[in-house]
1. By how many nm would the segment from T71 to V97 lengthen if fully extended, with 0.36 nm per residue of separation less the alpha-carbon distance?
2. Provide the descending list of Cα extents for the range 38-85 along its principal axes, expressed in whole angstroms.
3. Given the Cα-Cα distance of R59 and C85 and 0.36 nm per residue of separation, how much length would full extension add, in nm?
Amino acid sequence: MSTAHWPARRLPVPAAWPARSSPAVAQWAIISAGLAPMLLTGAYLIAGIFQPASYSPMRKSISAMAGQAGTDRWIMTGGIFLVGCCYLVTAAGLSGVRAPARACS
């Protein structure tokens with residue numbers, strides 16, 4: 001069956017779409033999204049320096065450095081806390097993005 005005789009579906013003209021006066025994502029949200037993995041990696045590396053020789057990063061998780069078994073637990077705990085704050089800041093900056101885009105990320 002040929003579809004050549006069917007009329008083409010018309011798409012809206014881009015000029016008819018509402019123009020945004022401000023960007024959908026704030027610059028500070030992009031910065032906090034990029035800062036989160038750097039903070040976590042930095043906290044992991046710094047906390048790893050203060051662990052005893054018996055600590056094996058291949059056998060234990062990063063949570064072990066923030067838990068009761070870790071020395072200088074405040075370093076890893078603080079890093080995880082700061083990463084959580086970065087996630088909240090990023091989420092606040094994404095409020096201008098439509099819901100389907102936020103659900104897929």
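1. 5.2 nm
2. 31, 19, 16
3. 6.6 nm
Each value in this text was obtained by applying a stated rule to the coordinates, not by laboratory testing. Quantities reported herein were computed from a predicted structural model and do not represent experimental measurements.
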